[in-house]
Amino acid sequence: MMNIKEAASRLGISARTIRFYEEKGLILPAKQSSNGYRTYTENDIWRLQTIAALREIGMSLQDITHAIGEIDQGNQQRLEEYLELQQAVMYAQWIELKRMMDTTQRMIDLNRQDGPLDVSHLHDLADSARRLREARQNWHDRWNYDTQAAIHDQRVQAEGRGSTGQPHSEDRHRSDNASPASHEHGVTHSYQDTDTSAPSDSNDAVQPYFYLYHNYDEGLEQIVHWISPAPGEKGLDIGTGTGNLAGKLLQNGADMTAIDQSREMLRRCRTKYPEMHVKLGNFLALPFTDHSFDFVVSSFAFHHLSSDQQLLALQEMQRVLTSRGRIGLTDLMFIDAAHREAYVREAELSRHEEQLLALRERHFPLLGELCDWLEQQGYVTKHVRHNELLHTLLAVPLR
């Protein structure tokens, strides 16, 4: 037993801090019946040390209250989730600080250029930095995937069976006819081997129903086929959901890490694949150090980001990849702006509310723009088209 001064001295914190934690209900020391003075047991000291440690990493008092509660109940998994969430916050802050340092250096470089300084360049650089900062901060899960976790696997399999035909291969640099096994049950129409640069072709007609997960297994198998992980290669699956893509790569010998912003999705992923590394996180602030992975993949998740956020996500993928690291995406994408305009126009004319809702809520990227950006960064790209919107894209660095 010790009094508050002795406890404060042992812990290296002030008595005032201990009283503050008591006021917040984080610790409830016993009081002496004779004088009402607080006494602190070894368990109280341990609890205060834990609180101080969580505060040291920047955790809020509200989260500390929840974390302490999980510790009291012996729930290690929930405690780990709180710690991972705090780690994700710290990575986001570090990435933002790194971006500010890079922007400042670019301003210094502009100022050192010969000739008179054009201050408008500084303004443009600052505006660009502000826009990207806002893009990083403004993402939120409007779909509440925690509530969808219980039925996610049934949903993707039910919708995935509604295949829309054979994959349509497009290789921007070299021919690659390899494709996953096609699924022909429930075919609404087939794609012919035509030039997809003409999105107004009848093969691009809007379908009566909008299924997010058409050709689901086919898209996942295509990524696995193209990534072809060597045994022990380190891979990252972003927006993993219940781990379906990461699980396929794990079974092919990869050392897989899976991240998602949904706790419930990750809990189901852990149950399905207990040997997989699973963490809370999202596209815009990957909670890993630079050059941590040999490949990064994602399926049916990239379209949740706005166009500015998609650029940030690609930059984050680059950051965590090794110099030979490759990127694999399977997602709903428009071929180009003309394809998007034709799709929107047809949906409006046909009053297909499901398509229109999907277009309002999601940001299907332009495949051509993705390939152009990746190629500017030194990648060679190839892609295959599974149905009207679903594509799988592979990017491999030239160096």
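Where a number appears in this text, it was derived from the coordinates with a stated rule and is not lab data. Please read all numbers here as calculations on a predicted model, not as lab measurements. Because the Cβ atoms are built from the backbone with ideal geometry, glycine has one as well, and the counts that use them run over all protein chains shown.
Model label sites at ASP153 and GLN49, defined 7 Å from Cα along the beta-carbon direction, differ in position by 4.1 nm.
Spin-label model, THR39/LEU356: points 7 Å from Cα along the beta carbon direction are separated by 7.3 nm. The C-alpha radius of gyration of the range 298-399, expressed as a fraction of 2.2 N^0.38 Å, stands at 1.13. Can you flag which of LYS272/LYS382; LYS24/LYS272; LYS98/LYS248; LYS98/LYS272; LYS98/LYS234; LYS248/LYS279 are past 28 Å Cα-Cα? Going by Cα-Cα distance, LYS272/LYS382; LYS24/LYS272; LYS98/LYS248; LYS98/LYS272 fall outside the 28 Å limit. With both labels modelled 7 Å from their Cα along Cα-to-Cβ, the ALA338 to TRP94 distance reads 4.6 nm. FRET efficiency for the ARG16 to ARG399 pair, using the beta carbon distance and R₀ = 51 Å, is estimated at 0.35.
Sequence-ordered 3J(HN,Hα) estimates for the range 250-256 from the Karplus curve with 6.51, -1.76 and 1.60 and θ = phi - 60° stand at 4, 5, 8, x, 7, 8, 9 Hz, glycine and proline given as x. Given in Å, the Rg to one decimal and the Dmax to the nearest whole number for the Cα atoms of the range 4-72 are 11.9, 39.
Residues ARG47, ARG155, ARG324, arranged from fewest to most other Cβ atoms within 10 angstrom of their Cβ, appear as ARG324, ARG155, ARG47.
Close amide H contacts of ARG326 (hydrogens built in the peptide plane, cut-off under 5 Å, sequence separation of 5 or more or a different chain): PHE295, VAL296.
The alpha carbon centroids of the range 303-348 and the range 372-398 are separated by 10 Å. Per-residue 3J(HN,Hα) values for the range 210-225, derived from phi via the Karplus relation 6.51 cos²θ - 1.76 cosθ + 1.60 with θ = phi - 60°, read 9, 10, 5, 10, 4, 6, 4, 4, 4, x, 5, 5, 5, 4, 4, 4 Hz in sequence order (x marks Gly and Pro).
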